[in-house]
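Contents: one structure, followed by commentary.
The values are calculated or read from the model by the stated rules, or taken from the named source; none is laboratory data. Worth saying up front: this structure is predicted, and the values here are computed from it rather than measured. Positions of Cβ are generated from backbone atoms using ideal geometry, with glycine treated the same way; all protein chains shown enter the neighbour counts. SASA here: full protein model, heavy atoms, side chains in, ligands and nucleic acids out. Shrake-Rupley method; radii C 1.70, N 1.55, O 1.52, S 1.80 Å.
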Amino acid sequence: MTAAPFRAKQLLGASLWRITFLLVQGGGSVILIAALGHLLDASAFATTALTLGVLVIAQAIGDFGLSQAAVTILPARLATAPEHADALLAGAARACGYACGAALVLTAASAALVPHSAVVPILVSAPAAAAAVAVTGADGLLRAQGEFRAPVRFVASSELAGFIGIPVALATRRADWTCAAISAGTLCGATGAIGMLLGLARAPSAEARRSSRGLLRAAGPLGIAQVFVVLGARVDTLLAASLNGVVAAGTFEGDWRLYQLGQYAAGALATAAAPFLASALGAGAITDAFALLRRLVVRLAGVGLVAGAVLYLARWPLAHVLTGSLASPVAHGLVYLAAVSPLAAAALPVFYSLITLDGERRYVLGCFVAGAAVNLSLAGALSGALGVRGALIGSAAGSATTSLLLFARLAVVATRLRPGAEPRR
């Protein structure tokens, strides 16, 4: 198997497929949350929202940067050593398998950190975390080869199968049965992605094992950074649960899901462009890479500005439609996240560009460590007096800190990498 070439004229098609992928992924999640918000009472809905938030946290940490490495590091290696494509892909698939197991264990372990009412829902949801990592892993490996259509099928199957939770919620009005149904459906819907990873990973080659270890080492800083990404914002779901209760956690999760609608739109273009940026940087085409990066930053800042304005101006109707029984506290909290939407969106392609370069990943890690420190400090200090608003302020400030530091590091890199210069690998 050989990697598909990445040409500039392919970017529009790749972006459209990537937008479709994220619309299915993000839209499916939002529709599911919205339906449950209208079917379950505030307590049961908050417990379910907390559980789904824990799944995202476990998936992000368990993945340990592999999905990002698959669309940045892997395309660069495929571009420089296409004759080793089979071993590189087999090694990446094996690494994704380890990540699936880690996500399952992390989800189950997180049950010790939540209020009693959420313990069973989280335990029965652990398989869904592994399934979600399998889908993102398959997505990354396919995009590394220039294939953007098949990931849409995988994510659509997984998301739609999880909708079995809606009739179960209607019938039982219980968080535990609802979460069990969502988990079982998600796992069944992910069988295509799981089968693809198993097929690639079966290659019995010492080179594949070395490739797996090499990708894990290269993704290490990204994985550590991913932990701090979670600590910089997403962990506030658990923090709100421990400090202010299940309803506060559900409120934060509802706000974050709405905020992510705009970030999904920005992320579609950024993640579609990521393998193109990686391939250009890997081949030493610095001028082309930075020209693409400049265009992306400007366009995504515009996307983030529009998304933030919509969140702010339409926060009440959005909250009523999409979070049901928690609409009022969610609407109040959206103000803080809307403010950082433009900056966070514009920083996405900067992040993907920096992690392509081996020498830069430790600096990217530092950016996320700083963002996590700001978030945890502010959220911990303010949650006692302000409740969930304190967590939202901390999350917004942490995101802004990370984004600003990424731009600062990009300025340093841009002065070092002159047109025609070889990037540090």
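Between 116, 38, 320, which gets the highest mean-square fluctuation from a Gaussian network model of the chain, Cα cutoff 10 Å?
Between 116, 38, 320, it is 116 that shows the largest mean-square fluctuation.
Rounded to a whole number, what % of the accessible area of segment 87-167 do carbon and sulfur atoms account for, probe 1.4 Å?
Exposed carbon and sulfur together represent 72 percent of the surface.
Would you mind getting me the FRET efficiency between residue 295 and residue 98? Use the beta-carbon distance for r and R0 = 41 Å, nearest 0.05.
About 0.70, to the nearest 0.05.
Rounded to the nearest percent, how much of the accessible area of segment 268-368 (1.4 Å probe, protein heavy atoms only) is carbon and sulfur?
Its accessible area is 70 percent carbon and sulfur atoms.
Full extension from residue 198 to residue 160: what is 0.36 nm times the residue separation minus their Cα-Cα distance, to one decimal in nm?
Extra length from residue 198 to residue 160 when fully extended: 11.4 nm.
Report the full-extension gain for the segment residue 16 to residue 170: residue separation times 0.36 nm, less the Cα-Cα distance, to one decimal in nm.
51.9 nm
For segment 183-193, what does the Karplus curve 6.51 cos²θ - 1.76 cosθ + 1.60, with θ = phi - 60°, yield as ³J(HN,Hα) per residue in whole Hz, taken in order and with x for Gly and Pro?
5, 5, x, 4, 5, 5, x, 8, 5, x, 5
Where does helix 11-39 land angle-wise versus the long Cα axis of the chain, in degrees 0 to 90, nearest 10?
Its long axis makes an angle of about 10 degrees.
Students often check this: by mean Cβ neighbours within 10 Å, which of 125-137, 364-376, 39-51 ranks highest, and how do the rest follow?
125-137, 39-51, 364-376
Can you give the three extents of the C-alpha atoms in segment 226-378 along their principal axes, from longest to shortest, in whole Å?
Here the spans come out as 53, 29, 19 Å, largest first.
How much length, in nm to one decimal, is gained on full extension between residue 112 and residue 386, taken as 0.36 nm per residue of separation minus their Cα-Cα distance?
96.1 nm
Under the rule of -39500 (n - 2.57) per DSSP H run of 4 or more residues, summed and divided by the residues of the chain, what mean residue ellipticity at 222 nm is obtained, to the nearest 500 deg cm²/dmol?
Theoretical 222 nm ellipticity from helices: -29000 deg cm²/dmol.
Which of the peptides 170-180, 389-399 is most tightly packed, and how do the rest follow, judged by the mean count of other Cβ atoms within 10 Å per residue?
Top of the packing list down: 389-399, 170-180.
Please determine, in degrees from 0 to 90 and to the nearest 10, the orientation of helix 361-386 with respect to the longest principal axis defined by the Cα atoms of the chain, where the helix direction is its Cα long axis.
10 degrees
Ranked from highest to lowest mean number of other Cβ atoms within 10 Å per residue, what is the order of the peptides 347-357, 255-265, 302-312?
My ranking of the peptides, most packed first, is 347-357, 255-265, 302-312.
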